[in-house]
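All remarks here apply to the structure that follows.
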Amino acid sequence: MIDRYAAALIALAYFVCGAVLYLLDLGALVAHDETSVQVRLVLLAAVCVPILLRRSHPLLGLMLASVPIAVDFALGISLPVWLAYGDLLFAAALYGSARTSVFLERAPIVPIAVLAVGFGIYTGELRPAVFVAAMGALLISLPVWWARSVRTHRDAAEAERTKAQALAQVAELDRAAAITSERAHLARDLHDIVAGHLSAIAIQSEAALRLRDRDPQKAMSVLESVRANSVDALREMQSMVTLLRSDDAREETATAGRLSDLTALVASAEASGSIVTVEAPDLTGLDADVDVTAYRIIQEALTNATKHAPGLPVLLQLAMDDRELTIRVSNPLPPDRGRREPAHVGNGGSHGLRNIAERAAAIGGRARSQIVEGPGERSDGKDPGERSDGKDPAERSDGKDPAERSDGRMLWRTEVHLPLRTGDIQ
């Protein structure tokens, strides 16, 4: 309510105070003022009315008040009129544009100095010159300087508020990114535990059903593996729940599987009916992140092999040098998929392949899954998954599928390269 009528109240206050000064004969700044009070009040009203525009159109109000100010200057300077005009100068410097504010700060300096020197020369005395300079600084420059100071502090406060809002927004984005990353991490772990173990249980249960009459002893062995997978899944789920309830992030690597548990993964895959051949050097002394990531990737790759190529042999190769750990898992494609890639590849539909790529990328590695030519089909000594021209095996100049040109088997290969940090190998 007060803000709405603030300009009107300010204009009224200036007029009332100025009228009181005139009635007490305290308004004139020059001796022998012969101008009537009525004329002074009209000039004062003419200056106070533009104050109504001090917030909405401050520069226009200043220009409108300049006319009565010029008349007052010609009749003899009076204090109430110039005080009201000072408020208009203050409003124009504070609420006007930045260019207007700077102009009002600098423009009066030269005229005031010239006027003071002129009065000193005209009167031949120093006192009038000092008086004119002091009145100019008090009535014109001081309101502008005050407004400039308020404007500077206001702009600084606004800049701080904007900065604080930007920092709050960045913090919110970081929090959202952290939540998204944590959800993706939790999704990968749940997929490793639930999908991996349940896929193995489903495949092994089917094998046990087929063998129950033909080979009961073998069926019993498969059921033991089913139970082992169930127990492992339950243990890992309990470990994950414990980790989620704990504030110590270091427990994550303590509860996750390691490459030292690779034998259990191989045994589970073989219980599903696949023959797994492992070629691996001594892998002790790996950094915990690399160790856990490699374990999870191998677990997912073996699960994919037993799920999409049941009963076919799997070759697991691990190699390590001073820079990286290389994991390669290969298995023949089933006959019904020998001439095309699995339907889930390449369209984002495979959670397993995406998890492998995300886990590798999380520690700076890279992963690729593709169809390659089987061993023994090349005579140039190159890797079966490479072409002499550097192109992918699936890219043929004649546009034919590689399975149509090769007499051998096609392999599905997952190859992962994980960087080793300094001190990983001991």
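The values are calculated or read from the model by the stated rules, or taken from the named source; none is laboratory data. Every value quoted in this text rests on a predicted model; they were computed, and no experiment measured them. Here the Cβ positions follow ideal geometry from the backbone for every residue, glycine too, while neighbour counts run over all protein chains shown.
A compact table of results
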read-out: Test result for residue 159, at pLDDT 75 or above, under 25 Å from the mean Cα position of the chain (by Cα) and under 30 Å from residue 86 (Cα atoms); value: yes
read-out: Total residues in the range 284-302, condition free of Cβ contacts under 8 Å to residues at least 40 places away in the same chain and surrounded by fewer than 19 Cβ atoms within 10 Å (Cβ to Cβ); value: 1
read-out: Qualifying residues in the range 318-337 (those that are more than 17 Å from residue 276 (Cβ to Cβ) and among the charged types (D, E, K, R)) - the one farthest from the chain's Cα centre (by Cα); value: 336
read-out: Failed condition for residue 376, given (1) loosely packed, with under 14 Cβ neighbours inside 10 Å; (2) of a type outside the set (D, E, K, R); (3) assigned to a loop (DSSP other than H, G, I, E, B); (4) modelled with pLDDT of 85 or more; value: (4)
read-out: Helices (runs of 4 or more DSSP H) lying entirely in the range 37-138 (those with 3 or more residues that are assigned by TED's automatic domain parsing to the domain that holds residue 153, over 28 Å from residue 12 (Cβ atoms) and under 51 Å from the mean Cα position of the chain (by Cα)); value: 98-106
read-out: Residue within the range 84-101 that is in contact with a Leu (Cβ under 7 Å, 6 or more places away or on another chain) and touching a residue at least 60 places away in the same chain (Cβ under 8 Å) present; value: yes
read-out: Test set (1) in a helix (DSSP H, G or I); (2) more than 60 Å from the chain's Cα centre (by Cα) - residue 17 fails condition number; value: (2)
read-out: Counted residues, the range 245-304 - those being in a loop (DSSP other than H, G, I, E, B), among the basic types (Lys, Arg) and at pLDDT 85 or above; value: 0
read-out: Pair list, Cβ under 7 Å, 6 or more apart: the range 230-241 residue over 11 Å from residue 201 (Cα atoms) and not assigned by TED's automatic domain parsing to the domain that holds residue 295, other residue in a helix (DSSP H, G or I) and at pLDDT 75 or above; value: none
read-out: Residues located in the range 1-36, provided they are closer than 13 Å to residue 76 by Cα and at pLDDT 85 or above; value: 36
read-out: Any hit, the range 107-114, residues being under 11 Å from residue 144 (Cα atoms) and touching a residue at least 12 places away in the same chain (Cβ under 8 Å); value: yes
read-out: Of all residues making up the range 218-240, the number that are touching a Lys or Arg at 6+ places or on another chain (Cβ under 8 Å) and within 27 Å of residue 186 (Cβ to Cβ); value: 0
